[in-house]
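What follows is a set of notes on a single structure, which appears directly below.
Just so it is clear, none of the values below were taken in a lab; they were calculated from the coordinates. Quick caveat, the model's predicted, so the values are computed rather than measured. With ideal geometry, Cβ positions are generated from the backbone for all residues, glycine too; neighbour counts draw on all protein chains shown.
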Amino acid sequence: EPKLAALALRLHAVGADVAVLGRATSTDAALSEATLSEAALSEALRRAGVSVHTRLEDCASGYILGATAEMLPGQKGATMQAQPPVEPPVPVIDLSGSALLALAENHIGIGQASVMAFVDITNLQLAGRRVVVCGYDGAGQSVAAHVAAFGGRVTVVETDPLRAAQALMAGFSVAAFATVLPGAEVVFVTDNGPTLGARQVPHLADGTLLCAAGLHAAISADLLACARNRRDIRAFVAEFDLPNAQAVKVIAQGRPVHLAEGQGLPIEVSDIVLALHIKGLDQLLRGGFVEGGTHGLAPEAEAELAGVKVCAMGGGLEAKG
């Protein structure tokens, strides 16, 4: 995408030998092909000598200094995604513990991007609508807040008592699937929320809109397996019949809705995310790692970047002491 292409060009400008790696599971093939053949940034990548690959091992030949990654619990590190794996393990700057990353991606980016994508795709108003948010993790909090800002009536479904309490204290209703789904008009599934699966199908109201909101969120496969007689009723909207004679509308094939039209996260959010990767790269280049494995981003690097963001937004910091 253009944001990543701009990063690649910047790295190349300071002397890096850059290769771009894309995953088929998170790349729109048609959009990618159009981008590679037409977009000005991609042409600039070619002119600059940047290569494009689909496999990590194709662009990671020879000595590997390290990696930066937005790793999540249960996911393998970037160097372990190569086939064969990189041996011995190299240092990986793990950005998943970054408070600034969580603020940018979850608490701001996912909510705005997902809710705006839903509105753009459906052309429906959220004001007054009964909206269920499955999970009140960072993404769920962001989605709930943005839906409420549009006037939606939000109910959160949670299994974690602390998160449920947080949702209640933020002014949202909290209820179980069996209670809230019969009256729900829109359901947002998030990364770490309760699973909306086949067990919940009998509770879904006719015409409910289902969409996934999160970096890795998806409508569960067993729920979609219950559906039949698909009808495409609008771009990125498909209607499915359910065994209980009801029908539901699934947005963006049940994949993250903010990626449906290739918009992704707000550009300012991506700026922060990519800047964190650059800070991680700087940390790797400065060295000092005794062994491989995961390492957190240096707190002073994150604080410096947060300060730059504050100033860029017109704010100012009080001096310490």
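Just report the Cα centroid separation between the range 97-119 and the range 252-321, whole Å.
13
Could you list Met116, Met313 so that the one with the fewest beta carbons within 10 Å of its beta carbon is first and the one with the most is last?
Going from least to most buried by this count: Met313, Met116.
To the nearest 20 debye, what charge dipole does the range 102-259 have about its Cα centre, counting +1 at the Cβ of each Lys and Arg and -1 at the Cβ of each Asp and Glu?
Dipole magnitude for the range 102-259 comes out near 280 debye.
Sum up the charges of everything whose Cβ sits under 13 Å from the Cβ of Ser142, counting Lys and Arg as +1 and Asp and Glu as -1, but leave Ser142 out.
Spelling it out: positives minus negatives among the neighbours equals -3.
What is the extension gain from Leu9 to Ala218, computed as 0.36 nm multiplied by their sequence separation minus the C-alpha to C-alpha distance, in nm to one decimal?
72.0 nm
Taking other Cβ within 10 Å of each residue's Cβ, how do Val132, Val250 sort, fewest first?
Least crowded to most crowded, the residues run Val250, Val132.
Spin-label point model (7 Å from Cα, Cβ direction): what's the Arg230 to Glu291 distance in nm?
4.8
For the range 223-321, state which GluC sites (Glu not before Pro) are in a DSSP loop and have at most 11 other beta carbons lying within 10 Å of their beta carbon.
Listed in order of number, the matching sites are Glu291, Glu318.
Where Lys and Arg each count +1 and Asp and Glu each count -1, what net charge lies around Ile93 among other residues with Cβ under 12 Å from its Cβ? Display every interim value, and only then the final one.
Working: positive: Lys279, Arg286; negative: Glu70, Asp94, Asp282, Glu302.
Its environment carries a net charge of -2.
Taking the Cβ of each residue in Thr190, Thr294 as the centre, tally the other Cβ atoms inside 10 Å and list the residues starting with the fewest. List each step's numbers first, then the result.
Numbers: Thr190 29, Thr294 16.
Fewest-to-most ranking of Thr190, Thr294: Thr294, Thr190.
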